[in-house]
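The values are calculated or read from the model by the stated rules, or taken from the named source; none is laboratory data. Bear in mind the structure is a predicted one, so any value in this text is a computation, not a measurement. Here the Cβ is made from the backbone with ideal geometry for all residues, glycine too, and neighbour counts use every protein chain on show. Note: accessible area is taken over every heavy atom of the protein model, side chains too, but ligands, DNA and RNA are not part of it. Shrake-Rupley method; radii C 1.70, N 1.55, O 1.52, S 1.80 Å.
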Amino acid sequence: MDTITALTTRVSSPRLQEPGPSDSQLDMLLRAAIRAPDHGLLRPWRFIVLTGDQRERLGDIMEAQLLEEQPQADKRTREIARNKALRAPTIVVAVAEITENHKIPAWEQMLAVGAAVQNMMLAAYELGIGAMWRTGAMANSDLAKTMLGFAPKDQVIAYLYLGTPASSLKSLPDESPVDFIRELP
């Protein structure tokens, strides 16, 4: 698949199953990630790759984050939170480790990591690997960041779920760029 085709046809895969990407495929995804634009060459991206039983530890973090927001959450709600970490055979947690008080502002460092995640998604699509970019409350939780080994100043950019698509990929409408262009006021 050529780059333009990948860019113009890529879709997310909300339902994923085994197998996840192989070690060599994961290496390729991460190599694509670290080629993202990075003003100042700060290399703010940090990745935690979770497979197998490692995902259960992420489930522990998801449950802890839920309980921080909803201390009275019942057993079923807690189980649902924990099981979110098992929705894909591989999860890559992408975090912007922010260099504070730098001429490159935090928002640019976060965008660099966002570009890295997009590179991984495009590479996954080209390799036939399903990918789904997830965030939610877990992306902004200081508790989750701390439990993942990061500081509150850092920002989780994505929980990138990877695996084999469990269903056919949805097609997106063929939109025209002209619908998104605005004139100067």
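Where helices (runs of 4 or more DSSP H) fall wholly inside segment 88-185, the ranges with 2 or more residues that are out of contact with any strand residue (DSSP E or B) (no Cβ under 9 Å at 6 or more places or on another chain) are 106-127, 142-147.
In segment 1-11, the residue that is farthest from the chain's Cα centre (by Cα) out of those that are part of a loop (DSSP other than H, G, I, E, B) and of a type outside the set (A, V, I, L, M) is 2. For segment 12-64, a tally of residues being in a strand (DSSP E or B) and in contact with a Leu (Cβ under 6 Å, 6 or more places away or on another chain) returns 1.
Looking across 121, 147, 138, one residue alone is surrounded by 22 or more Cβ atoms within 10 Å (Cβ to Cβ) and under 23 Å from residue 71 (Cα atoms). It is 138.
Residue count for segment 93-107 under the criterion of being open to solvent by less than 50 Å² (accessible area, probe 1.4 Å) and over 12 Å from residue 160 (Cα atoms): the result is 5.
Pairs linking a residue in segment 1-22 that is open to solvent by 90 Å² or more (accessible area, probe 1.4 Å) to a residue that is part of a loop (DSSP other than H, G, I, E, B), with Cβ atoms under 6 Å and 6 or more positions apart or on different chains, are 15/166; 15/167; 18/89.
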